[in-house]
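Written out below as structure tokens is the structure these notes cover.
The values are calculated or read from the model by the stated rules, or taken from the named source; none is laboratory data. This structure is a prediction, so every number in the text was calculated from the model and none was measured. Here the Cβ positions follow ideal geometry from the backbone for every residue, glycine too, while neighbour counts run over all protein chains shown. When the accessible area is computed, the model is the full protein with side chains, heavy atoms only, and any ligands, DNA or RNA have been set aside. Shrake-Rupley method; radii C 1.70, N 1.55, O 1.52, S 1.80 Å.
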Amino acid sequence: MNADTTGPHVVVAGGGITGLAAAHRLALAGHRVTLLEADARLGGKLLAGEIAGAPVDLGAESLLARRPEAIALARAVGLGDRLRAPATTTASVWSRGTLVPMPKGHVMGVPGDARAVEDLLSEEGVRRIAADLDLPPTEIGDDIAIGAYVAARMGHEVVDRLVEPLLGGVYAGDAHRISMKAAVPALFEAARAHPTLTAAVRAVQRAGAAVPADAAGAATGLGGSVFVGVEGGVGTLPGAVADAVRAAGGEILPNAPVTALRRTGATGWQVVSGDRVLTADAVVLATPAGPAAALLAEHAPAAARELGAIEYASMALVTLAFRRSEMPDLTGSGFLVPPVDGHTIKASTFSSRKWRWVADAAPDLFVLRTSVGRHGEEEQVHREDADLVAASLKDLAAATGLGARPVATTVTRWPGGLPQYPIGHLARVARIREAVAGLPGLRIAGAAYDGVGVPACVASAHRAADEIIATSETAAPGAGHSS
């Protein structure tokens with residue numbers, strides 16, 4: 001690593017995984033990097049913790065293996081030997097009071113064969129799916145809400161019982177508002193090219209089958225697992241990236257919110273953080289949309305308006321530890337909950353079943369977690385800890401027969417944690433990027449733009465960093481930074 005970097009100075013605003021990944025990319029390219037994080041803690045929605053002595057993730061818990069960016073970053077910062085496939089990926093849906101195995105043969109809950117969901121849906125619901133084959137083609141246009149489109153083609157029941165809980169786990173949103181183009185792009189493109197939704201799903205499935213089953217595993221060395229975790233928690237990734245940034249000569253300053261941006265000359269910037277003023281050749285804004293909008297209001301008002309219109313959903317995670325000897329026989333990795341049934345929790349993960357490292361660290365305990373909160377349900381997230389724990393236990397008892405009392409509980413709230421991707425989201429992002437492109441030496445990155453998963457955030461960070469690297473290769477370094 002080069003700890004004596006003399007290249008252009010780049011300030012990164014935001015110390016979540018996006019900002020850290022951008023700082024890492026820039027530092028390795030020989031740039032002088034200063035990362036400013038408003039909070040005392042780095043990592044954003046990635047947070048490693050413990051409960052009753054057992055290590056757990058209190059935020060995002062896995063990395064999508066079919067995208068290479070996050071796994072490559074983990075390897076680059078020394079976590080390659082701690083990457084782990086789940087011990088089990090068998091999940092269920094808690095529907096109409098019964099745990100039903102998650103159907104196979106679907107694309108984000110949309111089945112390619114009505115028979116695949118016979119155990120989950122009513123007979124009428126199954127017949128309605130099959131009716132898709134007899135319907136005339138649907139005009140999709142530039143974008144469409146996935147819930148509305150699927151309901152029109154296959155009926156509301158498949159949306160309520162399968163699409164909604166799956167999308168809710170990713171976006172904490174409403175399937176009838178979520179953009180199919182943004183959330184399930186492969187299905188969107190296939191639906192535009194095929195006369196029925198069934199044909200579109202089968203085309204996506206064929207495209208996936210054309211890739212060797214272990215293609216993801218070949219890249220990860222972890223078999224064909226769709227998701228990958230990190231021993232000790234995905235929440236350990238930010239710290240490892242931060243260490244790598246420092247080793248490459250970068251500076252990381254917590255408790256340092258960016259309060260203003262000022263232009264200096266044709267391409268330079270001054271970044272204000274409290275009483276500190278840093279002079280930079282370039283800036284990466286890796287903050288949520290709201291703070292980014294405030295910082296860009298003077299310099300790119302059109303981008304600021306668009307950023308200000310991006311909505312966020314809040315959620316809470318309730319982590320519970322039980323004596324293993326008091327637990328019923330819970331199998332699989334957990335279950336999803338259709339919101340139509342009116343329960344509080346939207347999902348539960350059986351951490352001690354899903355991640356072998358959790359079970360090995362606390363063999364006498366059984367750790368699980370529930371998630372609460374969707375877009376428009378802010379009141380759920382702000383309930384007292386005891387209320388959220390009690391609601392979780394009530395739903396767990398109804399779903400699984402769990403009657404044991406936890407030996408420890410932890411409630412982790414993520415206010416404004418998940419940006420929403422409604423119809424037209426990608427067009428909005430394109431307008432934002434077009435407006436920001438007029439600001440030399442400034443780029444944006446994060447979950448608000450290109451996807452909410454960790455790999456998508458890393459890819460967004462790399463895109464911003466690479467554009468700055470490309471434009472600064474022939475530019476002379478600026479004046480550095482002063483305080």
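In segment 204-357, what percent of the accessible surface is made up of carbon and sulfur (1.4 Å probe, ligands and nucleic acids excluded)?
53 percent
Sequence gap at least 6, Cα distance under 8 Å: using those rules, report the relative contact order of the chain to the nearest whole percent.
Reported relative contact order: 26 percent.
What is the gain in length, in nm to one decimal, between residue 262 and residue 87 on full extension, counting 0.36 nm per residue of separation less the C-alpha to C-alpha distance?
Here the answer is 57.9 nm.
Taking 35 Å as R0, compute the FRET efficiency from the Cβ-Cβ separation of residue 390 and residue 170 and round it to 0.05. Show your work: numbers first, answer last.
Numbers: r = 27 Å, r/R0 = 0.76.
Rounded to the nearest 0.05, the efficiency is 0.85.
Can you give the % of DSSP beta bridges in the chain that are antiparallel, to the nearest 5?
Close to 70 percent.
Gap in Å between the Cα centre of segment 274-350 and the Cα centre of segment 419-448?
So the separation of the two Cα centres works out to 18 Å.
What distance in nm separates the simple spin-label points at residue 382 and residue 209, each placed 7 Å from Cα in the Cβ direction?
Distance between label points: 5.0 nm.
Which residue, chosen from 121, 156, 74, occupies the Cα position most advanced towards the positive end of the dipole of segment 62-156, where the dipole is computed from +1 (Lys, Arg) and -1 (Asp, Glu) charges on Cβ about the Cα centre?
Going by the charge dipole, the pick is 74.
How far is helix 197-209 tilted, in degrees, relative to the longest principal axis of the Cα atoms in the chain, given as a value from 0 to 90 rounded to the nearest 10?
70 degrees
Output ³J(HN,Hα) for segment 445-453: one whole-Hz value per residue in order, computed from phi by the Karplus curve 6.51 cos²θ - 1.76 cosθ + 1.60 with θ = phi - 60°, and x for Gly and Pro.
Per residue, the Karplus-derived 3J(HN,Hα) values read 7, x, 5, 6, 10, 10, x, 9, x Hz.
If you place +1 on the Cβ of every Lys and Arg and -1 on the Cβ of every Asp and Glu, how big does the dipole about the Cα centre of the chain come out, in debye to the nearest 20?
That gives the chain a dipole magnitude of about 440 debye.
Determine the dipole magnitude for segment 34-113: charges of +1 sit on the beta-carbon of Lys and Arg, -1 on that of Asp and Glu, nothing else is charged, the reference point is the Cα centre, and the result goes in debye to the nearest 20.
Working: 9 positive and 8 negative charges, 53 e Å.
Dipole size: approximately 260 debye.
Percent relative contact order of segment 264-340, based on C-alpha pairs within less than 8 angstrom and at least six residues apart?
Details: 42 pairs, mean separation 11.3, N = 77.
For segment 264-340, the relative contact order is 15 percent.
What list of whole percents do you get for P(r) of segment 79-199, with Cα-Cα distances grouped in 10 Å bins up to the one holding the largest distance?
That works out to 13, 43, 30, 10, 3, 0, in percent per bin.
Take every DSSP beta bridge with both residues inside segment 198-354 and express the antiparallel ones as a percent of the total, to the nearest 5.
Of those bridges, close to 95 percent are antiparallel.
So with the 1.4 Å probe, I'd like the accessible area per residue for the chain, rounded to whole Å².
40 Å²
Just name one of 453, 470, 103: the one whose Cα is farthest towards the positive end of the charge dipole of the chain (beta-carbon charges, Lys/Arg +1, Asp/Glu -1).
470
Report, in deg cm²/dmol and to the nearest 500, the calculated mean residue ellipticity at 222 nm for the chain, where each DSSP H run with n ≥ 4 adds -39500 (n - 2.57) and the sum is divided by the residue count.
-10000 deg cm²/dmol
For residue 471 and residue 356, what is the calculated FRET efficiency with R₀ set at 60 Å and r taken between the beta-carbons, to the nearest 0.05?
It comes to 0.85.
How many angstrom lie between the C-alpha centres of segment 122-196 and segment 19-82?
So the separation of the two Cα centres works out to 33 Å.
Dividing the Cα radius of gyration by the Kirkwood radius, what Rg/Rh value follows for segment 175-328?
1.08
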